[in-house]
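Heads up, the thing below is written out as structure tokens.
The values are calculated or read from the model by the stated rules, or taken from the named source; none is laboratory data. Note that the structure is predicted; figures quoted are calculated from it, not measured. In this analysis, Cβ positions are derived from the backbone assuming ideal geometry, glycine residues included, and neighbour counts consider all displayed protein chains. To get the accessible areas, we keep the full protein, side chains included, count just its heavy atoms, and leave off ligands, DNA and RNA. Shrake-Rupley method; radii C 1.70, N 1.55, O 1.52, S 1.80 Å.
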Amino acid sequence: MKVCVGLSGGVDSSVAALLLKRQGYDVFGLFMQNWHDASMTLHGECEWEEDRFVAEMVARKIGIPFYFVDLSKAYRERVVDYMFDEYAKGRTPNPDVLCNREIKFAAFWETAKRLGADMVATGHYCRKDSVTDADGKVIYRIFEGADPNKDQSYFLCQLTQEQLSTALFPIGEITKPEVRRIAREAGLPSADKKDSQGICFVGKVDLPTFLKQKLLPKEGNVVEVFESYYAQSLQYQEMKRILTSLLPDGTEGEANMISDYVSEDKAGLCGAGECPWDLARVAALPDSGFDALSRGIDYSDIRFETEAYRSGRRHVKKTRWKENPFAKIVGVHDGAQFYTIGQRKGLNIGGHSDSIFVIETDIADNIIYVGEGHRHPGLSRSCLRIPAEEIHWIREDLRMTTDEFRRLRVRIRYRQPLQGATLVMRPQALYILFDRPQRGITPGQFAVWYSSDGEMLGSGVI
């Protein structure tokens, strides 16, 4: 069998090629160039040229043919243009997911087939197998990688059965340290090469600078929302009322609305556990209730008024914002479309004892709303909505039917521990109700759901 390995110049794809060669496959390497403009990368140089050189050296060391293909046109049309369009709408896309669906297992695979490949292999940390149903149809399954610190199944959440049928993931059963060890023992040039960072095949970029190629800057206000706002917010209190109504009889107090998440590298937000909800009440909740829970807080009721005052010995007349008990204008930004919910860096707002996070963006009025601290109420939400047209099932045979609800595990970002959740299918949307509040649910990102044994079943755009 002839296998094309997507050689990127990194250690993962290098070891994938090596292992396949050792297993007796007829292997060749194919390097794809997906980006030309080095002026947008933080390094300011053509990283792909160095990557191609390393990839070719790896191919020589292993003893396999090496080819090159320029897919930059397809990448710009299918990935980059999509990114610009999503950011313009105030959503935050995931280019790595799109790159796998549209490029690596589509445009790249078409090139590999023309070169005689029967299968295409990558250096993703995930596992694949297959089962046969009662009708004799082969169903391909994809699982988390064996290395919990490097599992990359999330980035493959939009693949189809057809794409999986010709895909191989040779390093999915081993850990990153083992991959490094194999590469060093084999003397591969990529053995100690650092993992790539940034946008898939573009590199590490200053995102606002990258987006300003097409999205025009426009100055607007940064508004800090105080925690006192939520006690009088009718929308927030209605969300709390609905959540509390889903608790089992005998539960003391109100539903928890604040996430204990800190970061993927620190304590907080344990994974799947005991469900806190009365599932009969969850199933009976109307769409309007789920919509209320999954909708971001509308801060448009926050208004600021100006007042005149005299300043200095000459009593110069000036204007200032009147004090507001619920919020304060704390800075300016150069375009709400350049920021994303949960963002901490790049705000340049001082005078706080804790970190400042973006909690909402208003593209229409060009306002960024921020809050102080990991436990700010505006950062957390317990439910998300995926429109019916955005739902993708890897396992079509396990597709949910209307009004069905199912207990699964879900993640809303790469490297996030899997979270216990109840999925409820309705005609217009799939609702995901988490067992615990989640921090930074971001429109445009992918929610991915898994079975209890680590099989990735489907995904959808939030």
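Structure summary
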quantity	calculated
Filter result (out of contact with any Gly (no Cβ under 6 Å at 6 or more places or on another chain) and open to solvent by 20 Å² or more (accessible area, probe 1.4 Å)) within the range 412-424	R413, Y414, R415
Residue check, N149 of a type outside the set (F, W, Y), open to solvent by less than 10 Å² (accessible area, probe 1.4 Å) and either closer than 19 Å to W449 by Cα or touching a residue at least 40 places away in the same chain (Cβ under 8 Å) (or both)	no
D453 vs. criteria in contact with a Lys or Arg (Cβ under 9 Å, 6 or more places away or on another chain) and open to solvent by 50 Å² or more (accessible area, probe 1.4 Å)	no
Criterion (farther than 18 Å from V332 by Cβ and modelled with pLDDT under 95) met by exactly one of P377, P387, P417, P427	P417
Filtered residues of the range 257-275 (kept if open to solvent by 40 Å² or more (accessible area, probe 1.4 Å) and either among the aliphatic types (A, V, I, L, M) or at pLDDT 95 or above (or both))	V262, A267, A272
Within the range 117-134, considering residues that are more than 21 Å from L19 (Cα to Cα) and in a strand (DSSP E or B), the one least open to solvent (accessible area, probe 1.4 Å)	V131
Subset tally (residues that are charged (D, E, K, R) and at positive phi) for the range 389-447	2
Cross-chain or 6+ apart pairs with Cβ under 6 Å, the range 205-217 first and farther than 12 Å from Y87 by Cα, then open to solvent by less than 70 Å² (accessible area, probe 1.4 Å) and modelled with pLDDT of 75 or more	P217/D334; P217/G335
The range 326-356: number of residues that are at pLDDT 90 or above and either touching a helix residue (DSSP H, G or I) at 6+ places or on another chain (Cβ under 6 Å) or basic (K, R) (or both)	5
Any hit, the range 393-405, residues being open to solvent by 10 Å² or more (accessible area, probe 1.4 Å), farther than 28 Å from K128 by Cβ and touching a residue at least 60 places away in the same chain (Cβ under 8 Å)	yes
Test: residue in the range 16-35 that is basic (K, R) and within 30 Å of R413 (Cβ to Cβ)	no
Answer residue from the range 223-263, given it is hydrophobic (A, V, I, L, M, F, W, C) and in a loop (DSSP other than H, G, I, E, B) and is nearest to D298 (Cα to Cα) among those	F226
Any hit, the range 166-173, residues being closer than 19 Å to V11 by Cβ, crowded, with 16+ Cβ neighbours inside 10 Å and out of contact with any Phe, Trp or Tyr (no Cβ under 9 Å at 6 or more places or on another chain)	yes
Elements of type strands (runs of 3 or more DSSP E) contained in the range 283-383, each with 3 or more residues being open to solvent by 40 Å² or more (accessible area, probe 1.4 Å) and under 15 Å from V222 (Cβ atoms)	327-333
All positions within the range 89-116 that are open to solvent by 10 Å² or more (accessible area, probe 1.4 Å) and outside any helix (DSSP H, G or I)	K89, G90, R91, T92, N94, L115, G116
Unique residue being out of contact with any Ser or Thr (no Cβ under 8 Å at 6 or more places or on another chain) and among the β-branched types (V, I, T) when the list is I432, I441	I441
